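Here's the structure we're looking at; comments come further down.
The values are calculated or read from the model by the stated rules, or taken from the named source; none is laboratory data. Everything numeric here is computed off the predicted structure, so don't read it as measured data. Using ideal geometry, Cβ is built from the backbone for each residue, glycine included, and neighbour counts are taken over all protein chains shown. Ligands, DNA and RNA are excluded from the accessible area calculation, which covers all protein heavy atoms including side chains. Shrake-Rupley method; radii C 1.70, N 1.55, O 1.52, S 1.80 Å.
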Amino acid sequence: MKITYPPFGDARIAIESFLRDFGHEVIPPPPSTNRTLSIGVKYAPEFACLPLKITLGNYIEAIEKGADTILMLGGIGPCRFGYYAEVQRRILKDLGYDIDWIVLDLSNGWINLFKSIEKVTNRSNIIKVMKVLRLAWEKVLAIDEIEKISRRARPFERYKGEVDNIIRETHKRLDQANNILKVRQILSEYRETMDEIIDKNSLKDLVKIGIVGEFYVVLDHFTNFEIAKRLGELGVLAENAFYIEDIVRIYLPLFRSKDIDERTRVALPYIRRSVGGEGQRTIAHTIEFAERGFDGVIHLSPFTCMPEIVADGVLEKVSKDYNIQVLTLSIDEQTGLAGITTRIEAFIDMLKTKKRRRIAV
Amino acid sequence: MKKFLGIDVGSVSTDIAIIDEKGNIIIGLYLRTAGDPIKAVKDGFFKIKSQFGSDLKIDGVGVTGSARFLIGAVVGADVIKNEITAHAVAGLHYNPKVQTIIEIGGQDSKIIIIRDGIVVDFAMNSVCAAGTGSFLDHQAQRLGIPIEEFGDVALRAQKPVRIAGRCTVFAESDMIHKQQLGHKREDILFGLCEALVRNYLSNVGRGKEILPPILFQGGVAANKGIKVAFERALGTEIIVPPYFSLMGAIGAGLLAQEANIRKSNFKGFDIVDQDITTRGFECKGCSNLCEITNIFIEGKLVARLGGRCGKWEDLEYNPSL
Ligand code: SF4
Ligand code: SF4
């Protein structure tokens, strides 16, 4: 069994780590490129949402490298995410690929779920399972921490790409780390290196932007045109509304924490019921950033994504009510980098001028 | 008197303006980009050179537009800025009280909302052609009317025809249909103006508080039919600045002035006589596979664009690939 998985952002490091530790041969999907996207676009239904297209491309590229099994989540409604596995399975089958799927389907009863879990864990005993999960979780936390710190460091880079070089090295080491202590040590060394770059006194003067939206687009660097990096290079402090840990807590019942619903509550006056995906959370997160005194919010929305379209519909009101600037970037396969760059730059120019004026008054 | 050069390089047109330190226009040029922005800029520089001689001193250069990074590197820009900021700066310079800027160019359209002299909101549309100049060009051609006369003819409309359709394809088929029904040409033309304005207001202008004074900038502002259609739809006066099609370039020039540069990077107008070439390649350094563009002047590498990491910015870096 040569297993692959749907990558998003840096989560791949943690996913690979636990698959490997359960003794699987892992074929990681090659990092997403425009080729990945064109493959996905070619074979997916036109109106499918962007994450489905890109992950389909990822699978096909992994299959080209020898993968024969795909691990995926399923059954998480009510948006289309719940059907991804099924839709993608049919497409791959029609293309003539003979692929096994391990779908952790959370709506299909415990017995089926248990069978899938058994396949993933390779029938390891419970102690081993706990140990492997613990390490993977530690890696998730480390990946998130690395990302969070990088946001504070990029505006102060001494040369372009400095932070990325350090992250690349750190990720490599993290990938190899085989115990929790090692992970923590790598993280603290990373923190020290970054501390040298970060100019703590100037941090508070930076324009602050919160990033909200659909989880895949927010977390996958390729899909969002490396927005965090671009903002950092433009001298902006960009914080996400959530990182990988939060997504695991939201979508995997085993890890689910109560805070999530609590955190979403502020959105209720605008969107009463869950509309799937991050729809409601997008509103809640925007309000959160406004209350924390951020200068602006960038909303990332995959074109044709229903939950985000709903959110977009009320964001204007939220933006007025809470006096926060929101820039919505709708992203699909036709989105050009030039258009995104222009919008982001203009948005930042605007926020910087405003901030300067506020300080002057 | 100090002089500043502003260049706006879009996919359809390339506009060049030289302004003095008060923002007065010394020369303004409008050129077709025709897929080759370097040639367009060279053509413009050639005209400037033949009018002023090559020792015209420039104290700062600003570049905007979709090819701003390329042209910025070629001419030696001091400031490289996005089109929205450039248009806002130019609009504010022309009318410090402006609250709304409508900009419609050949390939895209924008709205900029300004309050108390600063930009507070904006939107931009580059996907849908139904709200841009190329749509009008196309329809004028179809109806056999030179685009320059489009506006004047449209204003003669007595009974404007309502052209339905939110996108180019529908609008076009509806227009053909109305033509077959025997509607007058001017009525159809004004109908097209109204359709464009409707599209603009419901797309780009959606949810924006459009308050006067309103400036109408960009190439399409030449079309009086559109101006009137906007005035009717919004029920207020629309101001078209005298240099409406050069506002991006003027804004770029003003930004160069504001930047207070001590010594400009400008390479001079003599680059028209130089051999400027670009050569692209795909960097295989990592999975980003960036398209790197090398820019050569007289065979010498002067700039590199397109790398997401910094490694190609060092011009010395030259691994034997
Ligand atoms: S949230 Fe949107 S983009 Fe994500 S799976 Fe659901 S519909 Fe698709
Ligand atoms: S230029 Fe840098 S980021 Fe781009 S492909 Fe080469 S190494 Fe990767």
* To do: With 19 Å as the limit, write out which pairs from A:Lys258/A:Lys317; A:Lys172/A:Lys208; B:Lys178/B:Lys224; B:Lys57/B:Lys263 have Cα-Cα distances beyond it, or answer none.
  => A:Lys258/A:Lys317; A:Lys172/A:Lys208; B:Lys178/B:Lys224
* Exactly which trypsin sites (Lys or Arg not before Pro) in the range A:173-220 are in a DSSP loop and have at most 15 other Cβ atoms within 10 Å? -> A:Lys204
* So what J values fall out for the range B:99-116 if you push phi through Karplus, 6.51 cos²θ - 1.76 cosθ + 1.60 with θ = phi - 60°, rounded to Hz, Gly and Pro as x? -> 10, 9, 10, 9, 10, 10, x, x, 10, 8, 9, 9, 10, 10, 9, 10, 9, 6
* To do: Would you check the accessible area of A:Asp94, probe 1.4 Å, heavy atoms only, in square angstrom rounded to 10?
  => 140
* Say the dipole of the protein assembly as shown comes from +1 at the beta carbon of Lys and Arg and -1 at that of Asp and Glu; which of A:Ile340, B:Val12, A:Ser150 then lies farthest toward its positive end? -> A:Ser150
* Structure fact -> Non-local residues with an amide H under 5 Å from the amide H of A:Ile27, with H modelled 1.01 Å from N and Pro and chain starts lacking one, are A:Ile3, A:Thr4
* Asked: With every protein chain in place, what's the accessible area of A:Glu169 (1.4 Å probe, Å², nearest 10)?
  -> 100
* On a 0 to 90 degree scale, rounded to 10, what angle separates helix B:224-234 from the longest Cα axis of chain B? -> 70
* Asked: Extension gain B:Ile25-B:Gln107, at 0.36 nm per residue separation less the Cα-Cα distance, in nm?
  -> 27.0 nm
* Determine the calculated [θ] at 222 nm for chain A from helices alone, applying -39500 (n - 2.57) to every DSSP H run no shorter than 4 residues and normalising by the residue count; nearest 500 deg cm²/dmol. => -17500 deg cm²/dmol
* **Loop-located trypsin sites (Lys or Arg not before Pro) in the range A:240-284 whose Cβ has at most 15 other Cβ within 10 Å (DSSP)** => A:Arg256, A:Lys258, A:Arg272, A:Arg273
* Asked: What 222 nm value per residue comes from the helices of chain B, counting each DSSP H run with n ≥ 4 as -39,500 (n - 2.57) and dividing by all residues, nearest 500 deg cm²/dmol?
  -> -10500 deg cm²/dmol
* Structure fact -> The alpha-carbon center of the range A:167-202 and that of the range B:207-261 are separated, in whole Å, by 50
* Structure fact -> Expected integer from the mean partner chain Cβ neighbour count at 10 Å over A:219-232 is 1
* Structure fact -> Rounded to the nearest 10, the angle in degrees between the Cα long axis of helix A:84-94 and the longest principal axis of the Cα atoms of chain A comes to 50
* **For the range B:196-210, 3J(HN,Hα) per residue [Karplus equation, 6.51 cos²θ - 1.76 cosθ + 1.60, θ = phi - 60°, Hz, x = Gly/Pro]** => 5, 5, 4, 4, 4, 5, 8, 9, 5, x, 4, x, 9, 8, 8
* Report the FRET efficiency, 1/(1 + (r/R0)^6), for B:Glu316 and A:Asp261, where r is their Cβ-Cβ distance and R0 is 56 Å, rounded to 0.05. => 0.50
* Rank B:Leu315, A:Val310, A:Thr193 by how far each Cα sits towards the positive end of the charge dipole of the protein assembly as shown (+1 on Lys, Arg Cβ; -1 on Asp, Glu Cβ) and give me just the farthest. => A:Val310
* Asked: Quick one: helix A:279-291 against the long Cα principal axis of chain A, what's the angle to the nearest 10°, folded into 0 to 90?
  -> 30
* Report the charge-dipole magnitude of the range A:131-199 in Debye, nearest 20, computed about the Cα centre from +1 at each Lys and Arg Cβ and -1 at each Asp and Glu Cβ. => 320
* Structure fact -> With all protein chains present and a 1.4 Å probe, the order of A:His285, A:His221 from largest accessible area down is A:His221, A:His285
* Go through the range B:216-321 and name the trypsin sites (Lys or Arg not before Pro) that are in a DSSP coil and have 13 or fewer other Cβ atoms within 10 Å of their Cβ. => B:Arg262, B:Lys263, B:Lys284
* Evaluate the charge dipole of the range A:206-360 about its Cα centre and quote only its size in Debye, nearest 20, assuming +1 on the Cβ of each Lys and Arg and -1 on the Cβ of each Asp and Glu. => 680
* Quick one: which residues, 5+ away or cross-chain, put their amide H under 5 Å from the amide H of A:Thr328? H built at 1.01 Å from N. => A:His299
* Structure fact -> Under the 7 Å Cα-to-Cβ spin-label approximation, A:Asn125 and A:Arg184 lie apart by a distance in nanometres of 2.6
* So, with +1 on the Cβ of K and R and -1 on the Cβ of D and E, and no other charges, what is the size of the charge dipole of the protein assembly as shown about its Cα centre, to the nearest 20 debye? -> 840
* Of A:His299, A:Val236, A:His221, which is farthest along the charge dipole of the range A:206-360 in the positive direction, counting Lys and Arg as +1 and Asp and Glu as -1 at C-beta? -> A:Val236
* To do: Read phi for every residue in the range A:161-175 and hand back ³J(HN,Hα) as whole Hz from Karplus 6.51 cos²θ - 1.76 cosθ + 1.60, θ = phi - 60°, with x for Gly and Pro.
  => x, 4, 4, 5, 4, 5, 4, 4, 4, 5, 4, 4, 5, 4, 4
* Asked: For the pair B:Lys224 and B:Lys2, how long in nm is the line joining their label points, each one 7 Å along Cα→Cβ?
  -> 4.0
* Between chains A and B, what is the buried accessible area in Å², counting both sides, with a 1.4 Å probe and ligands, DNA and RNA left out, to the nearest 100? -> 2100
* Inter-chain Cβ neighbour average for residues A:339-351, partner chain, 10 Å -> 6
* **Pairwise FRET efficiency - A:Leu337 versus A:Ile309, Cβ, R0 = 25 Å, nearest 0.05** => 0.60
* Asked: Antiparallel DSSP bridges in the protein assembly as shown: what percent, to the nearest 5?
  -> 50
* Asked: Once amide H atoms are placed 1.01 Å from N in the peptide plane, what residues at a sequence separation of 5 or more from A:Leu104, or on another chain, have their amide H within under 5 Å of its amide H?
  -> A:Met72, A:Leu73, A:Gly74
* To do: May I ask you to derive the FRET efficiency for A:Tyr322 and B:Ser202 from their Cβ-Cβ distance with R0 = 35 Å, giving the value to the nearest 0.05?
  => 0.85
* Cα-Cα over 20 Å, subset of A:Lys229/B:Lys311; A:Lys320/B:Lys208; B:Lys81/B:Lys284; A:Lys2/A:Lys119 -> B:Lys81/B:Lys284
